[in-house]
1. For the pairs 9/86; 73/94; 9/98, note any where the Cα-Cα span goes beyond 28 Å.
2. Pop out the ³J(HN,Hα) list for the stretch 48-55 in order, Karplus 6.51 cos²θ - 1.76 cosθ + 1.60 with θ = phi - 60°, rounded to Hz; leave Gly and Pro as x.
3. 7 Å from Cα along Cα→Cβ at both residue 66 and residue 104: what's the point-to-point distance in nm?
4. From the backbone phi of the stretch 81-94, what are the Karplus-calculated ³J(HN,Hα) couplings (6.51 cos²θ - 1.76 cosθ + 1.60, θ = phi - 60°) in whole Hz, Gly and Pro given as x?
5. Sort 64-74, 111-121 by the packing proxy (mean of other Cβ within 10 Å over each peptide's residues), most packed first.
6. Step through the residues of the stretch 118-125 one at a time and calculate ³J(HN,Hα) from phi using the Karplus curve (6.51 cos²θ - 1.76 cosθ + 1.60, θ = phi - 60°), rounding each to whole Hz and writing x for Gly and Pro.
7. As an exercise, find the ratio Rg/Rh for the stretch 62-132 from alpha-carbon atoms, using the Kirkwood inverse-distance average for Rh.
Amino acid sequence: MSTGKRFIKWGCIILAALIYIAIGAIPFVNSLDGGTDATGIFTILSIGEMVVLGIMLAILIAVVVLGIKKRAKVNSVIREYESEVKRITWFSWKDTKKSTVVVLIALVVFAAVISLLDLGLARGLLAFMGLF
């Protein structure tokens, strides 16, 4: 694959990831309800969504400008990354399944322990407050 095609491919992947992150941030940034404004007119975007879209546009412009200005550096970083990825040794499917089972069992055990602690502490606190 030529360097230009790799640059475009990785640039698209990075932009998609940044857009995904920015869209995920909308509920956290959105302080006003969308729907209607003070005059009762239907609005498509709320203030928070406009802020997030503005940030996404700024990120897009910055990535494109820096990618064009630092093309040689970006290409060398991409080449280094690809050479590192080729050297990765992946686990076998059997080892992956075993590790997944261990993680799921640990998850269930820790969830049960935390749930029991939460239940016990909540009941203890209610009993303590019942004394007064």
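Bear in mind these aren't lab numbers, they're just calculated from the coordinates by the rules spelled out. No experiment lies behind these values; they were computed from the predicted model shown. Here Cβ is always computed from backbone atoms with ideal geometry, including for glycine, and neighbour counts include all displayed protein chains.
1. Violating the 28 Å Cα-Cα cut-off are 73/94; 9/98.
2. In residue order, the calculated couplings are x, 5, 5, 5, 5, 5, x, 5 Hz.
3. Placing both labels 7 Å along Cα→Cβ, they lie 4.0 nm apart.
4. Listing the rounded values in order: 4, 5, 5, 5, 5, 5, 8, 5, 9, 8, 5, 6, 4, 5 Hz.
5. 64-74, 111-121
6. With the stated coefficients, the stretch 118-125 comes to 4, 4, x, 5, 5, 5, x, 5 Hz.
7. So for the stretch 62-132, dividing Rg by the Kirkwood Rh gives 1.45.
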